[in-house]
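Asker: One structure, as structure tokens, below. Some questions next.
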Amino acid sequence: MDRERYEALQQRAREELLATQGPIAKSLKGVKYRVAIFSGKGGVGKTTATINLGAALHQLGYRIAIFDADMHGPAVPKALGLLGRLDVVIPPSGHHGGHHDLRFSPVLSEHGLSVVSVGSIWPSEETPIMWKGAHKMRSIRQFLAAVNWGRQDFLLVDLPPGTGDEVQTVMGSIPNLGGMLVITTPQGISTMVCSKAINAARELNAPVLGLIENMSVLNCPCCGTEISLFGRPRGERLAGMMQVPFWGRIPMATEMGESVDEGIPVVLKHPDAPISQAFREIATKLLTSLEVTGPMTDEEAAMPTTDEHDEHHGHHHHHH
Amino acid sequence: MNTMDITTTTTDTTQASHEELNRRVLTMATQVLELLRSFGREQITANELVATLPEIAARSTLAQHWERLTAEPALSPCFEVLQLLSSLESEADYQMLRYGPPSLHDDFRELSLAVARLRKAIQPVA
């Protein structure tokens, strides 16, 4: 075997070892299903879809963690009314020999969702994150590996828009990624960009579980007439064209605006609204798609996630 | 001692504490820049670089001072450098596997710029 081929094989072996046994794999050991939510462009409602899908699953008894991977526009904390900062966890045994370990615990929302967002690092939401290039990629991976995720049924990853380095880093760094959920809106430009995103996912060997059309129509609150504010719905046609399951339409709703402002998922604040029903149907489709048999039991949830030592998995609560 | 004196004393103590941390991180950053320079000149191997970075203990320092670094705007330049160093300590190996050793050139440049900002934040020693 020549040297080049040998080094290439060695490199591949190291990559696979890192993927299956590295810090991120260990950190996510207790997480059963990992799903990323993405789109080709911004402004399609990925974050609201992520948190409402998470809330709908939580209502069914599932333990949910959300990783807000959008470093430049981290919106999950605001959308859930989380005001607190992400703090370093001090292990119960203290720091060993003066060495301090960089570990975080997710912030637990009032509604039972465990959240990690770089937006929770800084005291002010006006502070921009000026990381770029490889530094940004390393930081995403560092975050993923440094969190005490504990035992979760689902990790929902709210990806930044597009198919650039950050998206590829997350998709390539999460072992056993269950799949991607694609969000589009009715406009032609969104569906066009979304098709690129679906192709990118396929190139990266990430299964596309389903496609959702968000902000599909507005039902007039007075007479119920359906109004296509963003043009006639094209999501279902896109799904057919790309051979991806179409998981339905989420209508626009006046309830959504106030829910976001108050930091309460709409499925909790307005459970009977059509928009909430739509999210619950999508949650059901996700469970079916991944062949999920049910939430983990309390006994399973209480089991430690590491073999080496007992890590205290703590949450700190934030109330607004 | 009146209230003004107490406030001034507290401010002086805080500034001295910031100064100490800033200088400590500056030293760490200088060491990493030297390591990256040596790596770029092929004076050390990738394995040697990856093995030496943890000895600088950037990650541990970041964890130790996390609360201050993320709460005090005056420490922003320090936090920026330390976070960069910490991410290198954690992920330089993966980065080189994935993107190749030349990908560290940009990090050298970015760290140099961050260090320049940190130097500006450090007050001259009286």
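Each reported figure results from applying straightforward, stated rules to the coordinates on display, with no laboratory input. Small disclaimer: the values here were computed from a predicted structure and weren't measured. Here the Cβ is made from the backbone with ideal geometry for all residues, glycine too, and neighbour counts use every protein chain on show.
Asker: How high is the relative contact order of region B:18-121, in percent, counting Cα pairs under 8 Å that sit 6 or more residues apart?
Answerer: Values: 85 pairs, mean separation 37.2, N = 104.
That works out to 36 percent.
Asker: Let me ask you something else. In which sequence would A:I275, B:I44, A:I183 go, from the one with the fewest C-beta neighbours within 10 Å to the one with the most?
Answerer: Details: A:I275 23, B:I44 16, A:I183 28.
Ranked by crowding around the Cβ, least crowded first: B:I44, A:I275, A:I183.
Asker: Still on this structure, please answer the following. Under a GNM of chain A (C-alpha, springs under 10 Å), which listed residue has the highest mean-square fluctuation: A:T185, A:T225, A:T305?
Answerer: A:T225
Asker: Quick one: order B:D93, A:D70 by neighbouring beta-carbon count within 10 Å, fewest to most.
Answerer: B:D93, A:D70
Asker: A follow-up question, please. Per-residue mean of other chain beta-carbon atoms within 10 angstrom of the beta-carbon, peptide B:78-84?
Answerer: Average per residue, whole number: 2.
Asker: Which order do peptides A:146-159, B:51-64, A:168-181 fall in by mean Cβ count within 10 Å, highest first? Write out the running numbers ahead of the final one.
Answerer: Working: A:146-159: 23.4, B:51-64: 19.1, A:168-181: 20.7.
Descending mean neighbour count gives A:146-159, A:168-181, B:51-64.
Asker: Now for a different question. Any idea how far the Cα center of region A:34-54 sits from the one of region B:57-101, in Å?
Answerer: 28 Å
Asker: Give me the orientation-averaged projected area of the Cα convex hull of region B:18-121, in nm², one decimal. Walk me through the numbers on the way to the answer.
Answerer: Details: hull surface 23.9 nm².
Quarter of the Cα hull surface area: 6.0 nm².
Asker: Where a ≥ b ≥ c are the square roots of the eigenvalues of the C-alpha gyration tensor, would you call the protein assembly as shown rounded, which needs a/c under 1.5, or, failing that, prolate if a/b is larger than b/c, or oblate?
Answerer: Because a/c hits 1.5 or more and a/b exceeds b/c, the protein assembly as shown counts as prolate.
Asker: How well do other chains shield peptide B:93-102, expressed as the mean number of their Cβ atoms within 10 Å of each residue Cβ?
Answerer: Per-residue shielding by partner chains comes out at 4.
Asker: What is the mean number of Cβ atoms from other protein chains located within 10 Å of the Cβ atom of each residue in peptide B:58-65, rounded to a whole number?
Answerer: On the way: counts 1, 6, 6, 2, 4, 11, 7, 2.
Average neighbour count from other chains, rounded to a whole number: 5.
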